[in-house]
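Here's a structure for you.
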Protein chains: 2
Amino acid sequence: MQVPLYQAKAEFFRMLGHPVRIRVLELLQDGPMPVRDLLVAIEVEPSNLSQQLAVLRRSGIVTATRDGSTVVYALAGGDVAELMRAARRILTEMLAGQEGLLAQLRDAEAGSG
Amino acid sequence: MQVPLYQAKAEFFRMLGHPVRIRVLELLQDGPMPVRDLLVAIEVEPSNLSQQLAVLRRSGIVTATRDGSTVVYALAGGDVAELMRAARRILTEMLAGQEGLLAQLRDAEAGSG
DNA sequence: TCGCGAATTCACGAACTCTTCAATTACAGC
DNA sequence: GCTGTAATTGAAGAGTTCGTGAATTCGCGA
C-alpha cells in the first residue's frame with residue numbers, strides 16, 4: 001500500500017465528518033434510495049447534497065446508478081451499520097463522561113462559590 | 001439532546017480525521033502512555049502533537065494526567081478498538097472495490113482501444 | 001531561587017472545506 | 001428539436017484546520 005494505513009484511515013474518517021454525509025449513509029442502510037428521496041429526508045439545497053454525495057462517491061463508500069431521469073444511491077459495501085453502532089457506543093460513553101464532568105464542575109462551583 | 005445526533009456523530013468522526021490523532025488512539029489501545037513516548041513513536045513536532053492531543057482531550061476521548069514532570073495520556077472509554085476494527089473492515093472492502101473498478105477500467109480500455 | 005527539560009499555548013500564513021448561486025448535463029414527454 | 005425536471009459541476013467567498021516557531025507554564029533538582 002503506497003499510502004500509510006493511518007493516513008487512509010484518517011481520510012476515511014474525515015470523509016464521514018459531515019452531518020449530511022452521515023445522514024445519507026444512515027438512510028442508505030435501509031436500502032438504495034434515489035436522490036429525490038434523500039433530498040426530501042435531508043432538508044438541504046440540491047447542489048449541496050450533490051456535493052456531499054460526490055464526496056461519498058469519490059471515496060467509494062457509495063455507488064450511484066442512473067435509472068431514467070433519477071439517480072439511485074446505494075452503499076458500496078455492507079457494514080457501515082456496524083461502524084455507526086461502534087461510533088454511537090463510544091459517543092454515548094463520552095457524553096456520559098462529559099455529563100459526569102459537568103456534574104463535577106457544578107459541584108465544584110457550588111462548593112467554592 | 002440539544003445537538004442533533006447526526007451532528008454529534010459528524011463532529012466525532014471529524015475529530016478522528018487526522019493521521020496523528022489516529023496513531024495516538026491506536027498507540028493508547030495498548031495502555032496509557034506518556035507524551036514523551038508518543039513523541040518518539042510518532043515523528044512529529046512536539047507542538048504539533050500537543051495540538052492534536054488537545055483536540056482529542058477536548059472531545060473527551062482521551063484523558064491526561066500529570067505524573068511529576070511528564071503527562072500521561074489514556075483512552076477515556078474502552079472500545080476504540082472495535083471502532084478501528086470496523087473502520088479497517090470497511091476500508092479493506094472499499095479498497096478491494098476500487099481495485100476491482102480499476103481492473104474493470106483496464107479491461108474496458110483494452111477492449112475499446 | 002535559578003536553570004532545565006517536558007509539555008502546552010499563542011500567533012500567523014498556507015491549505016483545505018463548506019455553502020451558495022449560476023451554468024451545465026442527462027433524460028422524458030410532447 | 002423544444003421544454004421541463006433531475007442531478008451534477010464550477011466558481012467564489014467565508015470560515016476552519018494545519019503546521020511551524022516563539023513564548024509560556026509547570027514541576028523537579030541543584
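I need the full set of residues from the range A:41-63 which are within 10 Å of DNA strand D (Cβ to nearest atom) and over 21 Å from residue A:14 (Cβ atoms), in order please.
Residues satisfying the conditions are A:45, A:46, A:47.
Name the residue, out of B:38, B:83, B:27, that is closer than 21 Å to residue A:5 by Cβ, within 16 Å of DNA strand D (Cβ to nearest atom) and in a helix (DSSP H, G or I). Step through it out loud before you land on a result.
On the way: B:83 fails: within 16 Å of DNA strand D (Cβ to nearest atom); B:27 fails: within 16 Å of DNA strand D (Cβ to nearest atom).
The match here is B:38.
Return the residue satisfying two criteria in turn: it lies in the range A:26-48 and is within 14 Å of chain B (Cβ to nearest Cβ) and within 14 Å of DNA strand C (Cβ to nearest atom), and of such residues it is surrounded by the most Cβ atoms within 10 Å (Cβ to Cβ). Before the answer, list the steps.
Residues of the range A:26-48 within 14 Å of chain B (Cβ to nearest Cβ): A:26-29, A:38, A:41-44.
Okay, now just the ones that are also within 14 Å of DNA strand C (Cβ to nearest atom), so A:42-44.
On the way: A:42: 19, A:43: 8, A:44: 16.
Here the answer is A:42.
Go through the range A:62-113 and report how many residues are at pLDDT 85 or above, loosely packed, with under 11 Cβ neighbours inside 10 Å and not assigned by TED's automatic domain parsing to the domain that holds residue A:24.
Residues flagged as at pLDDT 85 or above, loosely packed, with under 11 Cβ neighbours inside 10 Å and not assigned by TED's automatic domain parsing to the domain that holds residue A:24 within the range A:62-113 amount to 0.
To continue, here is another question. How many residues are touching a helix residue (DSSP H, G or I) at 6+ places or on another chain (Cβ under 6 Å) and of a type outside the set (A, V, I, L, M) if we restrict to the range B:1-35?
11
Quick one: would you say residue A:16 is within 11 Å of DNA strand D (Cβ to nearest atom) and under 19 Å from residue A:74 (Cα atoms)? Spell out how you get there, then give the answer.
Numbers: within 11 Å of DNA strand D (Cβ to nearest atom): no; under 19 Å from residue A:74 (Cα atoms): yes.
Against the criterion (within 11 Å of DNA strand D (Cβ to nearest atom) and under 19 Å from residue A:74 (Cα atoms)), residue A:16 does not qualify.
Can I ask one more? Condition first: facing another protein chain (nearest Cβ under 8 Å) and among the hydrophobic types (A, V, I, L, M, F, W, C). Can you find one or more residues in the range A:50-66 that meet it?
Applying the first criterion (facing another protein chain (nearest Cβ under 8 Å)) to the range A:50-66 yields A:59-61.
Applying the additional criterion that residues be among the hydrophobic types (A, V, I, L, M, F, W, C) yields A:61.
Scanning the range A:50-66 turns up at least one residue that is facing another protein chain (nearest Cβ under 8 Å) and among the hydrophobic types (A, V, I, L, M, F, W, C).
Sort out which residues of the range B:67-80 are in a strand (DSSP E or B) and near DNA strand C (Cβ under 8 Å from one of its atoms), and write them in order of number. Show your work before the answer.
Looking only at the range B:67-80, we keep the residues that are in a strand (DSSP E or B), and these are B:67, B:70-75.
Correct list: B:70, B:71, B:72, B:73.
Next question, about the same structure. Looking at the range B:6-26, can you tell me whether even one residue there is over 19 Å from residue A:9 (Cα atoms) and of a type in the set (Val, Ile, Thr)? Walk me through it before giving the result.
As a first pass, look at the range B:6-26 and keep what is over 19 Å from residue A:9 (Cα atoms): B:6-8.
Pick out the ones that are also of a type in the set (Val, Ile, Thr) and you get none.
Among the residues of the range B:6-26, not one is over 19 Å from residue A:9 (Cα atoms) and of a type in the set (Val, Ile, Thr), which makes the answer no.
Every residue in the range B:49-64 that is more than 8 Å from DNA strand C (Cβ to nearest atom) and without any contact (Cβ under 8 Å) to a residue 12 or more places away in the chain, please. I'd like the intermediate steps shown before the answer.
To start, the set of residues in the range B:49-64 that are more than 8 Å from DNA strand C (Cβ to nearest atom) comprises B:52, B:55-56, B:58-63.
Result: B:58, single match.
The values are calculated or read from the model by the stated rules, or taken from the named source; none is laboratory data. Being a predicted model, the structure only gives us computed values, none of them experimental. Methodologically, a virtual Cβ is constructed for each residue, glycine included, from the backbone with ideal geometry; neighbour enumeration extends over all protein chains shown.
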